[in-house]
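Take a look at the structure set out below.
We did not get these values from a lab; they are worked out from the coordinates using the rules stated. The model shown is predicted, which means the values in this text are computed figures rather than measured ones. Glycine also receives a Cβ, built like all others from the backbone with ideal geometry; neighbour counts cover every protein chain displayed.
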Amino acid sequence: MKLVFATNNKDKVKEIKALLGDNIELLSLKDIGCTEDIEETENTLEGNAKLKVDYVTRKYGVNCFADDTGLEVDALDGSPGVYSARYAGENVTYEDNVQKMLGEMRGRTNRKAQFRTVIALNLNKEQYLFEGICAGEILESTKGSSGFGYDPIFKPKGFNESFAEMSLAQKGKISHRGLAMKKLIDFLYSPDDSKSPGE
Ligand code: IMP
């Protein structure tokens, strides 16, 4: 089975290639000649994941999945959520977003937050959604230097380390994206003839 991952993020492609096994050939957008930027214009994670996957399936006629992730903070009414990449403004760095979050959370006692990933899959003319959630809290200052994004200020529930103090493998086992990817992979490998591409 050939499956396109609608992303330009090489790390994400590498991560899921390692999990998918040999029966599924994973292609990136570049592999299918899709070089245009698919703008994420929806205001939900689900909306953006569907938008990306529908664009690729419509234009290239391929089976495809896409993901979208957001950090949802209790005390900020679920913000920044779908706007996590641009929390501190357009064209900002991860560090800018982290500093903005630390500022917004200064003095707050409710520090509960969750990362949520939604994956949309278009397979043989059907659409499926998978969700992965990792609950935790926003730290009062940065800890650790691995990972990316909000990793240095997010401590998953039940752990003493921030995401940025964990190895990639350790984070992958408990992370929002890891959990959503696992649901996708379990689905792709489940013995259900109705979704088999028949190739
Ligand atoms: P994307 O939808 O995966 O591109 O994620 C949107 C934004 O959420 C990123 O730009 C990061 O700021 C943040 N983000 C997503 N996943 C993670 C993660 O695993 N750790 C920390 N930040 C993340």
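Estimated translational diffusion coefficient (Stokes-Einstein, Kirkwood radius over Cα pairs, 25 °C, 0.890 mPa s) of the chain: 139 µm² per second. Of the peptides 63-76, 13-26, 166-179, the ranking by mean beta-carbon count within 10 Å, highest at the top, reads 63-76, 166-179, 13-26. Relative protection proxy for 31-39, 182-190, from highest mean packing down: 182-190, 31-39 (other beta-carbon atoms within 10 angstrom). Working from label points 7 Å from Cα in the Cα-to-Cβ sense, the PHE148 to ASN160 distance is 3.0 nm.
Pairwise Cα distances in segment 123-199 exceed 15 Å in 61 percent of cases.
Using a cut-off of 26 Å between Cα atoms, the listed pairs LYS30/LYS100; LYS2/LYS155; LYS2/LYS182; LYS143/LYS183; LYS10/LYS157; LYS14/LYS112 include LYS30/LYS100; LYS2/LYS155; LYS143/LYS183; LYS10/LYS157; LYS14/LYS112 as exceeding that distance. Cross-link partners of LYS171 among aspartates and glutamates, defined as those whose alpha carbon lies under 13 angstrom from its own and excluding same-chain residues fewer than eight positions apart: GLU15, ASP151, GLU161.
With viscosity set to 0.692 mPa s and temperature to 37 °C, compute the Stokes-Einstein D of segment 80-149, Rh being the Kirkwood radius across alpha carbon pairs; µm²/s, no decimals. Once the numbers are plugged in, D ends up at 229 µm²/s.
Each 10 Å bin, from zero up to the one with the longest distance, holds this percent of the alpha carbon pairs of segment 1-77: 17, 48, 26, 8, 1.
For the chain, the longest principal axis of the alpha carbon atoms and the long axis of helix 10-20 meet at an angle near 60°.
What's the Cα-based Rg to Rh of segment 117-165, Rh via Kirkwood? Here the Rg-to-Rh quotient is 1.21.
With each label modelled as a point 7 angstrom along the Cα→C-beta vector, the ASP31-VAL92 pair spans 3.4 nm. List the aspartates and glutamates whose Cα sits under 17 Å from the Cα of LYS17, skipping any in the same chain fewer than 8 residues away. Once the sequence-local aspartates and glutamates are set aside, what remains near LYS17 is GLU25, ASP31, ASP67, ASP186.
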